[in-house]
Amino acid sequence: MKVCFLTLGCKVNQTESEALAQYAVEEGFRVVKEDENPDAVIINTCTVTATGSSKSRKLIHRIIKEHPGSVIAVMGCYSQINPNEVAEIEGVDLVVGTQDRKLIFDYLRMTGGKKKETFSHVKSFNRDMKYEELPVIVRESRIRAMLKIQDGCNQFCSYCIVPYARGPSRSREPKNVINEAKALLASGYKEIVLTGIHIGAYGQDLQTDINLAGLIAELVQLDGMNRLRLGSIEPLEFTDELLEVISSAEAVCPHFHIPLQSGCNRILSAMKRPYTTDYYAQLLQKIRERLPEAALASDIMAGFPGETEEEHQESLRFIESCKFAGIHAFPYSRRPGTIAAEMPNQVANKTKAKRVREIIEIGQKTKQKYIQQFIGKELELLVEKVTEDGAAHGHTKNYIELKLPANLRTEPFQPGQLVKCILREEYIT
Ligand code: SF4
């Protein structure tokens, strides 16, 4: 049976689709592209913003129209939050949420890949849930692998739908993480990225006495571990213990994403973010004292309900003072079911868009400044792609994106190579 995966949303969704595709192959299915006449199309949806939900709905409708004979299975965050709405779409055959996703393949086997009555299996969450293991992903281009270590979130920031879509924080058993990392390194991956929904909470739900710092300490000991990159870490979970471990391990990439969300204390409190700007500034300072060249990046949300122009300006000043090496700026998106969705004084879309632009502008300026300090210094590039002109494209350990010309070396570049270079202005993309 031929199955095709279509995925929207974040890296975790991408990773999970790839793992399920691997599972499908192990179970005897053939994974094909959309234009190869699939027997079943599996749509992995997103609902983190209103745009994510709208894209999910549009994709489901398009696939039903263009593949009338295929079984349509919908999974992911959008169907977890809106199971009935998805099940009622004519043409949808199977609805699962963010759990029990392997069931899709039992269903396909049972129905022989034929369209039957709509079957919905979206479970609600409970506190005793365990992490759902999915297969190890091995791609042909063994360059950078995502290694999922955790799912769910207990924080319930007032604007965020994720805890409702992903359930409580569940950590993967350390031995399973280590085994997957060993398998990835043995098959030739050069960089491993730890992903999850809230990786700083790693270990809190496990019986064993391990946390993120402890897990990293074990991972960096593995043979062949040259580059270990960390996904986003919440400010309060960037502990002294974690800083100690990452600053003494050569393999950990000095590139940390620490979501700030707002540079105004009143807004942080309304967002139910458990820190202040002072705390955040001290954290950055502490990291820079240990790792002066680290790239520190952040997420910033513009136009949270009630955010005044003065508060936005206050936020901009703080953001600028953080000297981020990268900013992901995005507008607040009203998510039904969250506390912030019911708050008064929702900010107009036009104002949100203007504020996002202003944050991006600061982000570009501070990113340029961050990169400039490395001109004339030696950096190591992981070659991710070699273009027709022979140039090597990739990222350094501190996540600077570079393009090295073919004539830099006598031998042609190869994807997966680690190449040392002295940074020149023209290499920066
Ligand atoms: S920490 Fe806050 S923003 Fe991040 S997933 Fe959890 S609730 Fe959402």
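Residues in the stretch 23-33 that are closer than 26 Å to residue 132 by Cβ and not β-branched (Val, Ile, Thr): 23, 24, 26, 27, 28, 29, 30. Just name the residue that is farthest from the chain's Cα centre (by Cα) out of those in the stretch 258-271 that are within 12 Å of the ligand (Cβ to nearest atom) and in contact (Cβ under 8 Å) with a residue 60 or more places away in the chain. Per the stated criteria, the residue is 271. If you check 204, 221, which single one turns out to be within 16 Å of the ligand (Cβ to nearest atom), more than 19 Å from the chain's Cα centre (by Cα), open to solvent by 30 Å² or more (accessible area, probe 1.4 Å) and modelled with pLDDT of 95 or more? Answer to the selection: 204. Is it the case that residue 346 is open to solvent by 50 Å² or more (accessible area, probe 1.4 Å) and outside the structural domain of residue 231 (by TED's automatic domain parsing)? No, not satisfied.
It is to be established whether one or more residues within the stretch 159-174 are buried (at least 17 other Cβ atoms within 10 Å of the Cβ) and away from the ligand (no atom under 16 Å from the Cβ). Within the stretch 159-174, one or more residues are buried (at least 17 other Cβ atoms within 10 Å of the Cβ) and away from the ligand (no atom under 16 Å from the Cβ). Against the test of being loosely packed, with under 15 Cβ neighbours inside 10 Å and under 26 Å from the mean Cα position of the chain (by Cα), the options 100, 35 yield a single qualifying residue, 100. I'm trying to understand the selection: among the residues of the stretch 245-257, which are more than 16 Å from the ligand (Cβ to nearest atom) and outside any helix (DSSP H, G or I)? Scanning the stretch 245-257 gives 249, 250, 251, 252, 253, 254, 255.
Can you pull out the residues in the stretch 38-77 that are open to solvent by less than 20 Å² (accessible area, probe 1.4 Å), touching a Leu at 6+ places or on another chain (Cβ under 8 Å) and of a type outside the set (A, V, I, L, M, F, W, C)? Hits for the stretch 38-77 are 44, 45, 52, 56, 76. Quick one: how many residues across the stretch 366-391 are open to solvent by 90 Å² or more (accessible area, probe 1.4 Å) and without any contact (Cβ under 8 Å) to a residue 40 or more places away in the chain? So the count comes out to 3. Across the stretch 142-158, the qualifying residues are those that are open to solvent by 10 Å² or more (accessible area, probe 1.4 Å) and assigned to a loop (DSSP other than H, G, I, E, B), and the one among them that is farthest from the ligand (Cβ to nearest atom) is 142. Restricting attention to the stretch 272-320, the residues that are open to solvent by 70 Å² or more (accessible area, probe 1.4 Å), touching a residue at least 12 places away in the same chain (Cβ under 8 Å) and not basic (Lys, Arg) total 4. So which of 237, 241 is away from the ligand (no atom under 16 Å from the Cβ) and either at pLDDT below 95 or farther than 30 Å from residue 310 by Cβ (or both)? Just a single option satisfies the conditions, and that option is 241. The residue that is most open to solvent (accessible area, probe 1.4 Å), counting only those in the stretch 175-187 that are under 11 Å from residue 222 (Cα atoms) and touching a helix residue (DSSP H, G or I) at 6+ places or on another chain (Cβ under 8 Å), is 178. Residues that are buried (at least 19 other Cβ atoms within 10 Å of the Cβ) and either out of contact with any Leu (no Cβ under 7 Å at 6 or more places or on another chain) or more than 22 Å from residue 380 (Cα to Cα) (or both) within the stretch 246-264 comprise 246, 255, 257, 258, 260, 261, 262, 263, 264, listed in sequence order. Among the residues of the stretch 227-241, are any assigned to a helix (DSSP H, G or I), closer than 30 Å to residue 330 by Cα and basic (Lys, Arg)? The answer is no, given that none of the residues of the stretch 227-241 is assigned to a helix (DSSP H, G or I), closer than 30 Å to residue 330 by Cα and basic (Lys, Arg).
The values are calculated or read from the model by the stated rules, or taken from the named source; none is laboratory data. A quick note: this is a predicted structure, and the numbers were derived from the prediction, not measured. Here the Cβ is made from the backbone with ideal geometry for all residues, glycine too, and neighbour counts use every protein chain on show. Calculation scope for accessible area: heavy atoms of the full protein, side chains included, ligands and nucleic acids excluded. Shrake-Rupley method; radii C 1.70, N 1.55, O 1.52, S 1.80 Å.
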